[in-house]
Amino acid sequence: MGIDGPPPAGTRGRVRVRAVYPGSFDPFTPGHLDVVGRARALFDEVVVLVAVNGSKHPGVDEEQRAAAVRTSLPAAWTSVTVAAWRGLTAEYCLRHGAGVIVRGVRNTTDLQVECRLAAMNQSLGVPTVFLSAQPELAAMSSTAVRTRGKSLPRSG
């Protein structure tokens, strides 16, 4: 798709699409990494948007979570950037020229919640694309990773 090099033949004049993948990413999981990897294959640029969600209370602020996401991304993924944001995702998209929101869904419960958010974002002018979780990653959530991490004995 021309993400890491010149555009393929026959795509000259094509509109480049910047996608935004928002989330609290507390922490950034292998499932999140998989969604970013698949999104970068679909879109020219992907912004991982570390967002503030008033209903969640992460252990660290959004700038620290953004730094952790950056260190999790392969260096070769030059079409992926990370940004911290306080506000509506659709507002970020409109201000920064992003044409689509990407959301990962693990199950039907996620899909129901995400469809409501997608309808709101669509009404604000930004469509949403859903990427279903890989089966081996579908049971993993940030909450489960956090809980498992707290319950593991520390060595050293």
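General observations
- Residue count for the stretch 97-119, restricted to those that are in contact (Cβ under 8 Å) with a residue 12 or more places away in the chain and either surrounded by fewer than 14 Cβ atoms within 10 Å (Cβ to Cβ) or hydroxyl-bearing (Ser, Thr, Tyr) (or both): 2.
- Sole residue being of a type in the set (D, E, K, R), part of a helix (DSSP H, G or I) and farther than 24 Å from VAL129 by Cα, chosen from GLU63, GLU91: GLU63
- Residue check for ALA68: open to solvent by less than 70 Å² (accessible area, probe 1.4 Å), outside any loop (DSSP other than H, G, I, E, B) and closer than 18 Å to ARG18 by Cβ: no
- Residue within the stretch 77-86 that is open to solvent by 50 Å² or more (accessible area, probe 1.4 Å) and part of a strand (DSSP E or B) present: yes
The values are calculated or read from the model by the stated rules, or taken from the named source; none is laboratory data. A quick note: this is a predicted structure, and the numbers were derived from the prediction, not measured. Don't worry about glycine lacking a Cβ; one is built from the backbone with ideal geometry, like all the others, and counts go over all protein chains shown. These area figures cover heavy atoms from the full protein model, side chains too; ligands, DNA and RNA do not enter into them. Shrake-Rupley method; radii C 1.70, N 1.55, O 1.52, S 1.80 Å.
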